[in-house]
Each structure stands twice: as C-alpha cells, then as structure tokens.
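**Q** Take a look at this one; I'll ask things after.
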Amino acid sequence: MKQRRSTHAFVYRAGIGLAGTQITCDAAGFPSDLIFLSHARALPPRGPAALFDTRAGRRQIVTTEQTLRLLGDAGDKLRARTLPAAFGRPFNLGEHRIEVVPTGFLPGAAALFCESEGRRVFYLGAFCPEPPIPGIMASEVRHADAICIDATFGDARLVFPPRQEAIASVRAFVQKALGDGRTPVLLASPFGALPAVALDLAQAGIAMRAHPRIVAVLARLRGACVTVPAPARFTGRVLSHEVLLWPPEARDASALATLENLDFALVSGSAADPEAVARMRVQQGFPLTNMPSAAEILAAVEVTGAQEVALFHRGAESLVTLMRARSLDAYAIGAPRQMLLPVDHR
C-alpha cells in the first residue's frame, strides 16, 4: 500500500524508512514492511532473530547472497523470507525502481537506490571507499536527490591516517612486541579492521592465534575473499611467536588473565578517540576502520549531488552542523536512544 510522502525522503518508523514506501532499512520494522538488509553487521547480534521469528508477520527481506552467508545460521533461517538481490540487476517493486549497489564495506554489502516519480533516493549506509581486502567489490554511488549515510565515525574531530599507513603501524607494533619477548594482543572486530590487518600480518610471515568467534567469522569471510588468513584457534595458550587476535568486547575475559607479558592495542575506528583508547586499557590505539570518515562522507555526498542528507549513529549531529553550513538539508535520523549507544569497534 502506498504511504503518504513525508517532506524528507527518509523517516524513522521502527527503523529508517523510505518515505512513501513500506521499505525499512537495517531494522526489524513493522510486520508488513519490506526489510532491506545492507550488510551482515547492520543489525545487533540478536537482530536477525526478530526477522525469522514466528511473530515476524509477513516481513520480506531484500539482501545479497553473500550477506546471508556471512550471517551463518541466521542467514540460513532468513532465506525463506528473502528476495535475493544482485548487483547490476535493477528490479521493480510496484511503482518503484530498485537497485542494490556495492558499498565496499564487507563482502555482499549493499546500498539501496530507489527511483520513483522522478525522485532518486539513495540509502548508502556504511561504506568504505577503499575495499579493505581483495574480493570485496569497490563502492559505487548514484546521482541522487537524497542520501542516507552511517556516520558512526563522522565526527570531523576524529583524525584517521591513510588506511595502509595504519596497517603498517599495527605490523610494527606487533613486530616490536614479539622482538621484546612479549605477546601482542590486537583488539579488533572481524567485521571491521581486523581482516585487512590479519592479511598484512600473514603476508609478513607472522603467526596468529584468535578467539573462536574471530576464527568463525574469518572462515565465513574466506568464502568470498580467499586471501583472508586462517589463524589458529585460541584454546588457552599462545606460543611465543604468535600474535593474539581478540574481540574488543571481550577485553575483560578471564582467559586473558591467565596469560603473561601481554601488550594490548586497539585497532578500530574508535581508536581515534583518546577516551575510547583509555577505556580499553591498551598500550596503543590505531585508528583504522572500514567505515567512512567525515571527509569521506562529505566526498560521497558531493559526488551524488544530493541536497538532502540524512545521517545516523554517533557522529551524525556534528556532521549535520557542518553540512548545514554548506547549505545542505542535513538532519540526524534515528530513535533518540540510538544516539546514546557507545561507538562500536569496527
């Protein structure tokens, strides 16, 4: 059923929705909604369950095959509700022309381009201008009237070095720790900076051991990106020549307390924030992410030509101010409590 059009192209209704449609992006939405799932980390850990739950109503999902594979068991359960989408194959949904476009963020990660009644709306979400590892399709953009972007690291005060420079710095940290007879522990997300770092360490001949969750995610990533290394599974011990890959959310795990001579580093976009580095109690922070910086967001908006810009997640408010100074119709979108969530570690 066609819905009344809002002044803005994006509205918040149990998730970010496209005004005038029943399309909701990266959220459970309402039982009658069509859910666009842009990538495997778009929902919180228990989010996919809400989509295949028996109470999920008539929800159907638009996503890519690679995203379903990265979701593992949850992706298998979503297949029955999924309308498969492929890059370069637009389709019609009622009076709307829909196209999914690669974003370079993860294998299968996609943006949604919707054209209807002469209005071009582009839900870009999370994107990475430089694919972090071989096998991920490069990000594409479309000319649009309105665009919506994940601004998690969109605060212009956050400074990010070039990605390859940051990766080289992580390698130097690891090599120094090993040379000093210590065990380097890299706190990083397997859906974020970690795959690129792990690939670089493998190419340098450095042995790796990883938390079981990281091992599992890297194995799924390897299905799309064959160069992703396969670290040994952590079972309570780390050999003297190994680096330990560990999820940031498990920084206080009891398993780490039994190990000695550890040097910790946070490898994440959140490492651009000194307070985040201090909270993680690490020797060093390396600002590295597969999500866009403020400069990259501004560049993407300029390329699309969009005059309306919706931003979500933590960096939205400061970037809205900057964009309004450039005469753009910019606004933050999302439930009030979403603006209070901690910065994630991608």
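The values are calculated or read from the model by the stated rules, or taken from the named source; none is laboratory data. The structure presented is a predicted model; accordingly, all values stated were derived computationally and were not measured. Glycine gets a Cβ as well: all are built from the backbone with ideal geometry, and neighbour counts include every protein chain shown. Surface accessibility is based on the protein's heavy atoms, side chains included, excluding ligands, DNA and RNA. Shrake-Rupley method; radii C 1.70, N 1.55, O 1.52, S 1.80 Å.
**Q** Would you check which residues across segment 1-51 are within 22 Å of the chain's Cα centre (by Cα), of a type in the set (A, V, I, L, M, F, W, C) and at pLDDT below 80 and list them?
**A** Scanning segment 1-51 gives Ala49, Ala50, Leu51.
**Q** Given the conditions (1) part of a loop (DSSP other than H, G, I, E, B); (2) more than 25 Å from Ala40 (Cα to Cα); (3) among the charged types (D, E, K, R), report the number of the one that Glu130 does not fulfil.
**A** Going through (1) part of a loop (DSSP other than H, G, I, E, B); (2) more than 25 Å from Ala40 (Cα to Cα); (3) among the charged types (D, E, K, R) one by one, Glu130 breaks only (2).
**Q** Shifting gears a bit: Mind telling me which of the residues Arg314, Arg326 ends up being farther than 22 Å from Pro132 by Cα, at pLDDT 95 or above and outside any helix (DSSP H, G or I)?
**A** Of Arg314, Arg326, the one residue that is farther than 22 Å from Pro132 by Cα, at pLDDT 95 or above and outside any helix (DSSP H, G or I) is Arg326.
**Q** Collect the residues in segment 213-271 that are out of contact with any helix residue (DSSP H, G or I) (no Cβ under 7 Å at 6 or more places or on another chain) and among the polar types (S, T, N, Q), keeping them in residue-number order.
**A** Thr235, Ser240, Ser254, Thr258, Asn261
**Q** Turning to a different aspect of this structure: Based on what the data block shows, is Pro190 within 16 Å of Phe234 (Cα to Cα) and open to solvent by less than 20 Å² (accessible area, probe 1.4 Å)?
**A** So Pro190 fits the description; yes.
**Q** Something else: Which of the residues spanning segment 276-292 are assigned to a loop (DSSP other than H, G, I, E, B), touching a helix residue (DSSP H, G or I) at 6+ places or on another chain (Cβ under 8 Å) and crowded, with 21+ Cβ neighbours inside 10 Å?
**A** Residues satisfying the conditions are Leu288, Thr289, Asn290, Met291, Pro292.
**Q** So, in segment 111-148, how many residues would count as being over 21 Å from the mean Cα position of the chain (by Cα), in contact (Cβ under 8 Å) with a residue 40 or more places away in the chain and surrounded by fewer than 22 Cβ atoms within 10 Å (Cβ to Cβ)?
**A** 4
**Q** Please name all residue pairs, on different chains or six or more residues apart, with Cβ atoms under 7 Å, provided the first residue is in segment 61-87 and is acidic (Asp, Glu) and the second residue is not in a helix (DSSP H, G or I).
**A** Glu65/Pro84; Glu65/Gly108
**Q** Sticking with this structure for a sec: Provide a single number: the residues in segment 52-71 that are over 17 Å from Gln22 (Cβ atoms) and at pLDDT 90 or above.
**A** 8
**Q** I need the full set of residues from segment 157-182 which are among the polar types (S, T, N, Q) and either over 24 Å from Val238 (Cβ atoms) or open to solvent by less than 70 Å² (accessible area, probe 1.4 Å) (or both), in order please.
**A** Those that are among the polar types (S, T, N, Q) and either over 24 Å from Val238 (Cβ atoms) or open to solvent by less than 70 Å² (accessible area, probe 1.4 Å) (or both): Gln164, Ser169.
**Q** Is one or more of the residues making up segment 71-80 over 21 Å from the mean Cα position of the chain (by Cα) and open to solvent by less than 10 Å² (accessible area, probe 1.4 Å)?
**A** No, there is no match, as no residue in segment 71-80 is over 21 Å from the mean Cα position of the chain (by Cα) and open to solvent by less than 10 Å² (accessible area, probe 1.4 Å).
**Q** Another question, then. Just wondering, is there one or more residues in segment 103-110 that are farther than 20 Å from Gly305 by Cβ, open to solvent by less than 50 Å² (accessible area, probe 1.4 Å) and assigned to a strand (DSSP E or B)?
**A** Yes: one or more hits.
**Q** Could you check segment 294-337 and list, in sequence order, the residues that are open to solvent by 20 Å² or more (accessible area, probe 1.4 Å) and small (Gly, Ala, Ser)?
**A** Listed by number, the residues that qualify are Ala295, Ala299, Gly305, Ser318, Ala325, Ser327, Ala332, Gly334.
**Q** Among the numbered conditions (1) more than 18 Å from the chain's Cα centre (by Cα); (2) at negative phi, tell me where Gly205 comes up short.
**A** (2)
**Q** State the number of residues belonging to segment 62-85 that are in contact with a Phe, Trp or Tyr (Cβ under 6 Å, 6 or more places away or on another chain) and outside any helix (DSSP H, G or I).
**A** Selection size over segment 62-85: 1.
**Q** Return the residue satisfying two criteria in turn: it lies in segment 235-275 and is hydroxyl-bearing (Ser, Thr, Tyr) and either in contact (Cβ under 8 Å) with a residue 40 or more places away in the chain or assigned to a strand (DSSP E or B) (or both), and of such residues it is surrounded by the most Cβ atoms within 10 Å (Cβ to Cβ).
**A** Ser268
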